[in-house]
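Reading through the C-alpha cells given below for one structure.
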Amino acid sequence: MRFRSTIRETPTGLTRADTFALWLFTGVTAFFGVAVLVSAIPAIVELFGDEVPFSLSASQNVPPDAASGTARIVSGSFDRAQLLVSGVELWPRIALAVSIALASLCSAAVAATVVALCLGILSGRPFVRSVTWVLTTASLVLIAGSLLGAFFNTMAMFSIVAAINPDPSDTVFPFASEYDFTALLIGLVFGAVATAFQLGQRMQRDTDGLV
C-alpha cells in the first residue's frame, strides 16, 4: 500500500512552507535594504548643519568618586564620547557623508543578494547568470566599500580631532581609528559563492543539454 505525502509541493519542488518562508525572507530583506538607504539620507543631511553630532574615540579615566554604592571603582576609562560640535570644516563633513553612504550601500548590496538568491530558488533555477552577477557585484561593493568607507571615516575623525585639540599629547580624544572586518569578510564569502554559482551554472547548462 502506498501512502501519499501530505506535503504539497510546487512545480519547483518546494513545499508551500518553503515557498512562504522564501517570500517572507524576500519581503523582509528588501524592506531592510530600502530602509537602510532611506535612513542614510537624514544622517547625511544632519552633517551639514551648524552643530554636528559625532562619535569619537576617547581616553579619559573614570573618577573613583563616580561610585557611590558599596562597590569601589579600582580603575576604569571612557573609550567613546558622543559630541555635538560646531565650527567643523566642510572637508570632514563630506568625508563622513561618503563613509555613511558607502556603509549604507554595503548593507543594501547584502539585501539585494539575499533577494536575488531567494527569487532564484523560487523560480527553480538558482544557477542563473543574473544571480551570479549580483553575487559578484555585491562582493566587489562590500570589499571596496568597506575599505573606502573606513578610509574616509578615519580621515574625517582625524580632521575633527585636530580641530578640537591640535596637540595630540594633551587631549581626551586621541588620533585613533576603528575598522570592522565584517563587511570585508562577507564580501570575500560572496566572491567564493559567486565562483561556486558559476560552476553550478555550467553544470546546469550541461544537464539541460543532456535532456
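The values are calculated or read from the model by the stated rules, or taken from the named source; none is laboratory data. All figures in this text were calculated on a predicted structure; none of them were measured in a lab. We place every Cβ from the backbone using ideal geometry, glycine too, and count neighbours over all the protein chains shown. Protein only, heavy atoms only, side chains kept; ligands, DNA and RNA dropped before computing areas. Shrake-Rupley method; radii C 1.70, N 1.55, O 1.52, S 1.80 Å.
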What number, rounded to the nearest 500 deg cm²/dmol, is the helix-based mean residue ellipticity at 222 nm of the chain, given -39500 (n - 2.57) per DSSP H run of at least four residues and division by all its residues?
-> -22000 deg cm²/dmol
Residue order for 93, 72, 202, 125 - accessible surface, 1.4 angstrom probe, largest first | 72, 202, 125, 93
Prolate/oblate/rounded call for the stretch 37-116, Cα gyration tensor, a/c under 1.5 rounded = oblate
Using a 1.4 Å probe on heavy atoms of the protein chains only, the accessible area for residue 105 in Å², nearest 10, reads 90
Keeping every protein chain in place, order 75, 177 by accessible area at 1.4 Å, biggest value first, i.e. largest first.
-> 75, 177
Ignoring any ligand, DNA or RNA, what whole percent of the accessible area of the stretch 1-146 comes from carbon and sulfur when the probe is 1.4 angstrom?
-> 65
Solvent-accessible surface (1.4 angstrom probe) belonging to residue 121, in square angstrom, nearest 10 = 70
Förster radius 30 Å - calculated FRET efficiency between residue 84 and residue 30, Cβ distance, rounded to 0.05 = 0.30
Amide proton proximity set for residue 60, modelled H, under 5 Å, gap of 5+ | 78
Using the heavy atoms of the protein chains alone and a 1.4 angstrom probe, what is the accessible area of the chain per residue in square angstrom?
-> 65
Per the Debye formula with a single identical scatterer at each Cα and no solvent contribution, what log10 I(q)/I(0) holds for the chain at q = 0.09, 0.19 Å⁻¹?
-> -0.57, -1.29
Under 1.5 on a/c is rounded, so check that first for the stretch 69-135, then, if it is not, pick prolate when a/b is larger than b/c and oblate when it is not; a ≥ b ≥ c are the square roots of the alpha carbon gyration tensor eigenvalues.
-> oblate
Leaving ligands, DNA and RNA out of it, work out the accessible area of residue 147 with a 1.4 Å probe and give it in Å² to the nearest 10.
-> 90
